[in-house]
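Single-structure report; data block below.
The values are calculated or read from the model by the stated rules, or taken from the named source; none is laboratory data. Computed from a predicted structure; not experimentally measured. For neighbour counting, all protein chains shown are included, and Cβ atoms are generated from backbone atoms with ideal geometry for every residue, glycine included. Each accessible area value is taken on the protein alone, full model and side chains, heavy atoms only, with ligands, DNA and RNA left out. Shrake-Rupley method; radii C 1.70, N 1.55, O 1.52, S 1.80 Å.
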Amino acid sequence: MMKHRIMIVDDDPITRMDLREMLIDEGYEILKECKNGEEAVEQSLKLLPDLIIMDVKMPILNGIKAAKIIRKKLDTAILLLTAYSQRELIEEAKNSGVTAYLVKPVTEVDLIPAIEIAMSQKQQFECLSRDIQFLKKKMENRRLIEMAKGKVMEFMMMSEEEAYQWMRDYSMKNRVSLGTVADLILKQQDVYN
Ligand SMILES: [Mg+2]
């Protein structure tokens, strides 16, 4: 099991202690314990936990408001702990980007699967964002190559195929990628010789 770095946030020291014991028993790493939402925001931005387990009802800044602020800046998974299972609260929690919520008192039977699901969702999401980034880059690259090819056709009075071949030759001769060749052409650097 990967050792997830977890932050515990609750204004009640007994709950914090219970959670800490359950988590340590299961081999998780407790990164930090906080007693209100404000501390949670501050510490999570500093320590970048994988997961935050956070109470809803806390002084200074409640768990839902804190979750909203944190989720705007980090893609940390957040499990909310609540004493109630009110519809309104659940809706609000969903809108603040909370991964899941648990109703107190929390037992190991609820907590551990919730953590594992939250973490695997986070990993899937991260994989997906990486794929999207990669595709975006690839498409942008292709777009630049097309634009550059147009310039070569115009400047060297070549057919599309000739222009593309010219760019490929240039790339091989100079051991640079086609994307780089396109970049040079578009920046109008001296490549035509
Ligand atoms: Mg509380």
Restricting the range 24-36 to residues that are out of contact with any Lys or Arg (no Cβ under 9 Å at 6 or more places or on another chain) and touching a residue at least 60 places away in the same chain (Cβ under 8 Å), the one surrounded by the fewest Cβ atoms within 10 Å (Cβ to Cβ) turns out to be D25
Regarding the range 37-58, can at least one residue be identified that is open to solvent by 30 Å² or more (accessible area, probe 1.4 Å), touching a Ser or Thr at 6+ places or on another chain (Cβ under 8 Å) and within 21 Å of P105 (Cβ to Cβ)?
yes
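Which ones in the range 99-116 are away from the ligand (no atom under 16 Å from the Cβ), surrounded by 12 or more Cβ atoms within 10 Å (Cβ to Cβ) and farther than 11 Å from I53 by Cβ?
E108, D110, I112, E116
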Cross-chain or 6+ apart pairs with Cβ under 6 Å, the range 163-190 first and in the same structural domain as M139 (by TED's automatic domain parsing) and open to solvent by 60 Å² or more (accessible area, probe 1.4 Å), then part of a helix (DSSP H, G or I) and not small (G, A, S):
Y164/K149
